[in-house]
């Protein structure tokens, strides 16, 4: 049986999930600025609950972004440290996709428009469609002004809005949706679901190749006036 570990620190939420013998063990907490202190204890907790050693893990999945600069660096640092020590591959998962997968899990949404508040008057944006229980990206992920957010070409069906961008910029996102959950954050359980699909398709990569995806060139400084 496959044993996968997943973790995420890209947003205000910090979470860990472990798949072992077909069971999922997880920890989740919304703890801004405390990710570095909690992520390793959370990993130890789920391993202890499952009764397995780190060496039993086949691969490690993580939220690769987009998200907060510091949070993404924490995730990559922890994942690379574990993966190098255990000589295991890694599975990078989009945080936008993770939110979409959670919207499917909790709300049974089939078409999901995800917006994460990217600060600097922008949102991280991605649109997803559920296929065989797994969300698939429609179009491209992007960072853009809320007014520029749009559904993919030839979009069909009713769309569900998910993510903090819908709370911060709802009046400026001119995309028709039938319902929304603006509190939805990434959860390692959904990263685990997407990672299992990647693992089965043979899409794992080396720890050395694990990199955060920011979608924005400037990650720590405000835009300069035009």
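With N residues in the chain, what two-decimal value do you get for its Cα radius of gyration over 2.2 N^0.38 Å? It is 0.98. By DSSP, the beta bridges lying fully in segment 57-164 are antiparallel in about 65 percent of cases. Of the residues 136, 153, 105, the one with the fewest other Cβ atoms within 10 Å heads the list, and the complete ranking is 153, 136, 105. For the chain, DSSP calls about 65 percent of its internal beta bridges antiparallel. Projecting the alpha carbon convex hull of segment 96-181 along each direction and taking the average yields 4.8 nm². Full extension of the chain between residue 131 and residue 3 gives 43.7 nm of extra length, using 0.36 nm per residue less the Cα-Cα distance. Straightening the chain between residue 31 and residue 108 buys 25.1 nm, computed as 0.36 nm per residue apart minus the Cα-Cα spacing. In the chain, helices alone account for a calculated mean residue ellipticity at 222 nm of -9000 deg cm²/dmol, with every DSSP H run of four or more residues adding -39,500 (n - 2.57). Looking only at 32, 89, 186, which one moves most when the chain is put into a Gaussian network model with springs between Cα atoms under 10 Å? Result for the chain, Cα springs under 10 Å: 32 fluctuates most. Here the residues 177, 30, ranked from fewest to most Cβ neighbours within 10 Å of their Cβ, fall in the order 30, 177. When 9, 193 are sorted by how many other C-beta atoms sit within 10 angstrom of their C-beta, beginning with the fewest, the order is 193, 9.
Segment residue 203..residue 49, full-extension length gain: 52.6 nm, with 0.36 nm per residue of separation and the alpha-carbon distance subtracted.
Simple spin-label estimate for residue 145 and residue 182 gives 2.0 nm between the two label positions (7 Å along the Cα-to-Cβ direction from each Cα).
All of the numbers you see were taken from the coordinates with simple rules; none came from a lab. Owing to the predicted nature of the structure, the values given are computational and were not obtained by experimental measurement. For neighbour counting, all protein chains shown are included, and Cβ atoms are generated from backbone atoms with ideal geometry for every residue, glycine included.
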